[in-house]
Amino acid sequence: MTQKPNPLSSIKVSGPIPAHLARSVIEETLRAAILDGRIPCGAALRQQDLADLFGVSRMPVREALRQLEAQSLLNVIAHKGAVVAPLVQGDAVETYALRILLESEALRLSIPLLTSEDFQQAARYIDELETQHDYTEIGRLNRLFHMSLYSKAPNRRLLKLVDDGLNEEERFLRFNLEAMGLGKLSQEDHRAMLRAVEDRDVERSVKMLEQHLNRAVEVITRYLDSPEAKKRQATK
Ligand code: NI
């Protein structure tokens with residue numbers, strides 16, 4: 001059996017980390033490496049390896065891993081420890097059905113409280129999405145656009161769950177957008193949503209959002225069933 005390359009070899013730690021910053025430095029470093037694929041899906045992260053790498057005790061490592069698990073970037077598996085999560089956790093249809101519930105509710109609560117600055121910011125994200133060709137940026141801007149419409153919802157725990165779902169989608173888009181043949185995403189859905197939100201028409205906004213997410217899950221499901229996607233998953 002050939003030795004797997006060490007997933008941590010791409011991580012450079014510059015000098016000692018002050019104890020009070022250890023958790024956040026470890027968390028940020030690992031998050032960046034998972035998001036850009038340096039640490040691949042399925043890689044197991046051992047607490048002791050990380051403690052050695054960062055030159056810290058296992059306590060901040062454990063805390064950082066817990067944060068990453070809460071962001072759905074890691075799964076903790078018995079006898080295996082923390083493992084980098086797959087790009088789509090479980091069933092895409094179920095994931096999106098849940099997102100529609102959560103994001104519709106956040107949108108309902110947020111619409112009456114949004115200001116004209118929020119509308120302008122959302123419109124700027126759409127303009128940027130229209131001209132952007134970098135997949136990493138497209139994923140990020142899509143998340144920011146959606147969040148800008150939900151952000152005034154007063155329920156912070158709801159927003160946290162919404163944000164987790166958007167982060168999961170961002171990560172998926174980053175790796176698969178090109179292969180899905182969606183180099184240029186139409187901004188028609190986003191524009192229609194924003195118009196409904198600007199009219200403060202809650203029912204129409206929610207309907208637009210549902211259509212938008214249902215279209216996304218259709219594209220993703222078709223893609224995941226394709227031989228191309230299966231080949232990509234197998235090589236990960
Ligand atoms: Ni979108």
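Go through region 58-67 residue by residue and turn each phi into a ³J(HN,Hα) via Karplus (6.51, -1.76, 1.60, θ = phi - 60°); whole Hz please, and just put x for glycine and proline.
Whole-Hz 3J(HN,Hα) from phi for region 58-67: 6, 5, x, 4, 4, 5, 5, 5, 5, 4.
Run the numbers for Gln120 and Gln211: contour at 0.36 nm per residue of separation, minus the present Cα-Cα distance, in nm. Intermediate results must be reported in sequence, preceding the final value.
Values: separation 91, 0.36 × 91 = 32.76 nm, distance 2.29 nm.
In short, 30.5 nm is gained.
Rank Val206, Val162, Val25 by mean-square fluctuation in a GNM of the chain with C-alpha springs under 10 angstrom and give only the top-ranked residue.
Answer for the Gaussian network model of the chain: Val25.
In terms of Cα to Cα distance under 15 Å, which aspartates and glutamates are near enough to Lys152, apart from those fewer than 8 places away along the same chain?
Glu103, Glu105, Glu117, Asp118, Asp163, Glu198
Taking 0.36 nm per intervening residue step and subtracting the Cα-Cα distance, what contour gain separates Ala19 from Arg66 on full extension?
Length gained between Ala19 and Arg66: 15.2 nm.
Using the basic label-point model (7 angstrom from Cα toward the beta carbon), what is the Ala97 to Gln47 distance in nanometres?
Label at Ala97, label at Gln47, 3.6 nm between them.
Where does each of Arg157, Arg200 land when they are ranked from fewest to most other beta-carbon atoms within 10 angstrom?
Least crowded to most crowded, the residues run Arg157, Arg200.
Between Asn6 and Asn155, with labels modelled 7 Å along Cα→Cβ, what's the label distance in nm to one decimal, could you check?
4.6
Ranked by Cβ crowding within 10 angstrom, fewest neighbours first, how are His146, His212, His79 ordered?
His79, His212, His146
Return the long-range amide H neighbours of Leu74 (sequence gap of 5 or more, or a different chain), with a cut-off of under 5 Å between placed amide H atoms.
Distant-sequence amide H within range of Leu74: Glu69, Ala85.
Calculate for the chain the 222 nm mean residue ellipticity that helices alone would give, adding -39,500 (n - 2.57) per DSSP H run of length 4 or more and normalising by residue count, nearest 500 deg cm²/dmol.
-21000 deg cm²/dmol
Of Lys230, Lys152, how do they rank once you tally other Cβ atoms within 10 Å and put the fewest first? Walk me through the numbers before you get to the answer.
On the way: Lys230 11, Lys152 17.
The order, fewest Cβ neighbours first, is Lys230, Lys152.
Taken together, the values in this text are just the output of simple stated rules run on the coordinates, not laboratory data. What you see is a predicted model; the values in this text were computed from it and never measured. Using ideal geometry, Cβ is built from the backbone for each residue, glycine included, and neighbour counts are taken over all protein chains shown.
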